[in-house]
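The values are calculated or read from the model by the stated rules, or taken from the named source; none is laboratory data. The shown structure was predicted, so the numbers you read here are calculated from the model rather than taken from an experiment. A quick note on method: Cβ atoms are made from the backbone with ideal geometry, for glycine too, and the neighbour counts reach across all protein chains shown.
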Amino acid sequence: MAKSCRIKSLHKTLRRLLMLYHDCIEKLLQLKDVIVTNIEKHENEMHIHLKMAQRLHYCPACGKITSKVHDYRSQIVKDVSICGFHTILHLKKRRHVCPSCGKRFDEHIDFLPRYHHFTNRVNLQVYEQLKECRSIKSIAKDNNMSAPTAAKIINQIDFKTGKLPQVLAIDEFKGNAEGEKFQCILADPKNHKVIDILPNRRHEMIRHHIMRFSNRKEVKLVVMDMTGGYRKLMKELFPHAKIIVDKYHYVRQIGFALERIRIEEQKRLSQHWRRYFKRSKYLLLKDSSRLTMEDRIQLDNLFRISEPLKRAYALKEQFEHVKSSHNRQEAAERLSRWIMDAQNSRLPEFFKVSLTYQNWSKEILNSFEYPYTNGYIEGCNNRIKVLKRVSFGMPRFERFRRRIMHIMLD
Ligand SMILES: [Zn+2]
């Protein structure tokens, strides 16, 4: 009697230990209902032999419930790495047979999609990692898969956008994909979304692409820069939209003009005056409200030897006044005053800028009325540059496009 009691309690303890073991394995692997039968370590690989806990299955043919096993097959499945080891699951898979209709079918495994050799969570991990500015090759290596397999995951995502946003931004970037130096990017600057990437910047291609959107006449604002000659095309494609010139883009022209004059002056003046140009690039472009007393003295000295720089700097400061306008009306008055002064400045560099501003004044003034810029697209372009660098170029356009769209989802 005492002996049978001891055996009973031993069984109970063993059962409890076994449950604890399965529980620990489940928590460690984060896979539900698996029974691990063996674990082997080979160099940088962890081989886990396992099978599923037995469950009832519905017959896919007649719907009858069964757990009857016909035979077992071994399948090799790659999983996310454990402690830095590539993990390989050796799954002993059951093939059931329906006692009612005789249909044979594989047991269902939650973590493994049909006909796949990677667990769901590997696919998910790759999907997330593809949002980083990393090369496909490096992501594939991390996940113990080939680059084409990793690429397949991104090829399956549907990036089609059916509608154009009310505020549309357009810009180009140097992508060097499929024999085209420049690619075009369409974005929604209001909701921070990439709408699409176009294979080149040719007008007929942009037109063809935009025409496919049925709601193009609902576009209210188009943000763009002054290069690329898109204005006419944008007016044609979006007849009800106002065009806004990106603020950073037109403001930058002033800095460029000032810098060109600075370089010319430095070249023109003899060696003797060179010391006056020390830090001059930085000082001329620095926000004047942040200039120290020392900075001001240095600039005054510079202006004493270079009259053109003095005039150019005055125009830069005057444009700050334009930028600080509170409304369109005020900006219009200040801008036209600035254009006039720039044209009378006897500075060819600024004369050129004034002509550009005159030509684009309506679109520049629109930027005082609406808060949209191409700042978001600039951000995209920076990430594209990183992606290109880490991938040593992205020659295939479609993959390039998909990567950008995916990265910018974040
Ligand atoms: Zn059946």
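Are any residues in segment 389-404 buried (at least 20 other Cβ atoms within 10 Å of the Cβ) and either under 14 Å from the mean Cα position of the chain (by Cα) or among the β-branched types (Val, Ile, Thr) (or both), and if so, which ones? Once the filter is applied, which keeps residues that are buried (at least 20 other Cβ atoms within 10 Å of the Cβ) and either under 14 Å from the mean Cα position of the chain (by Cα) or among the β-branched types (Val, Ile, Thr) (or both), segment 389-404 yields PHE400, ARG401, ARG403, ILE404.
When SER81 is tested against (1) closer than 30 Å to LEU237 by Cβ; (2) touching a residue at least 60 places away in the same chain (Cβ under 8 Å); (3) surrounded by 13 or more Cβ atoms within 10 Å (Cβ to Cβ), just one condition goes unmet, and that condition is (1). Within segment 84-93, not a single residue is over 30 Å from LYS152 (Cα atoms), more than 16 Å from the ligand (Cβ to nearest atom) and assigned to a strand (DSSP E or B). Considering only residues in segment 60-79 that are of a type in the set (Gly, Ala, Ser) and in contact with a strand residue (DSSP E or B) (Cβ under 9 Å, 6 or more places away or on another chain), the one that is farthest from the ligand (Cβ to nearest atom) turns out to be SER74. Evaluation of SER146 against the conditions (1) within 16 Å of the ligand (Cβ to nearest atom); (2) more than 30 Å from MET19 (Cα to Cα) shows that the sole unmet condition is (1).
Per-residue answers, yes or no, for (1) in a loop (DSSP other than H, G, I, E, B); (2) surrounded by 15 or more Cβ atoms within 10 Å (Cβ to Cβ); (3) among the β-branched types (Val, Ile, Thr):
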{"position": "THR161", "(1), (2), (3)": "yes, yes, yes"}
{"position": "GLY175", "(1), (2), (3)": "no, yes, no"}
{"position": "PHE182", "(1), (2), (3)": "no, yes, no"}
{"position": "ALA187", "(1), (2), (3)": "no, yes, no"}
{"position": "ASN200", "(1), (2), (3)": "yes, yes, no"}
{"position": "GLU204", "(1), (2), (3)": "no, no, no"}
{"position": "SER214", "(1), (2), (3)": "yes, no, no"}
{"position": "PRO239", "(1), (2), (3)": "yes, no, no"}
{"position": "TYR248", "(1), (2), (3)": "no, no, no"}
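When segment 250-296 is filtered for residues that are outside any helix (DSSP H, G or I) and either under 30 Å from LEU221 (Cβ atoms) or modelled with pLDDT of 90 or more (or both), the ones remaining, listed by number, are LYS286, ASP287, LEU291, THR292. Residues in segment 266-293 that are in contact (Cβ under 8 Å) with a residue 24 or more places away in the chain and of a type in the set (A, V, I, L, M) were compared, and the one that is farthest from GLU307 (Cα to Cα) is LEU285. Can you report the number of residues in segment 95-130 which are assigned to a loop (DSSP other than H, G, I, E, B), away from the ligand (no atom under 14 Å from the Cβ) and of a type outside the set (Lys, Arg)? Residues flagged as assigned to a loop (DSSP other than H, G, I, E, B), away from the ligand (no atom under 14 Å from the Cβ) and of a type outside the set (Lys, Arg) within segment 95-130 amount to 12.
Screening HIS57 on (1) within 16 Å of the ligand (Cβ to nearest atom); (2) modelled with pLDDT of 95 or more shows it passes everything except condition (2).
Per the listing ASN359, ASN374, the residue uniquely of a type outside the set (Gly, Ala, Ser) and surrounded by fewer than 18 Cβ atoms within 10 Å (Cβ to Cβ) is ASN359.
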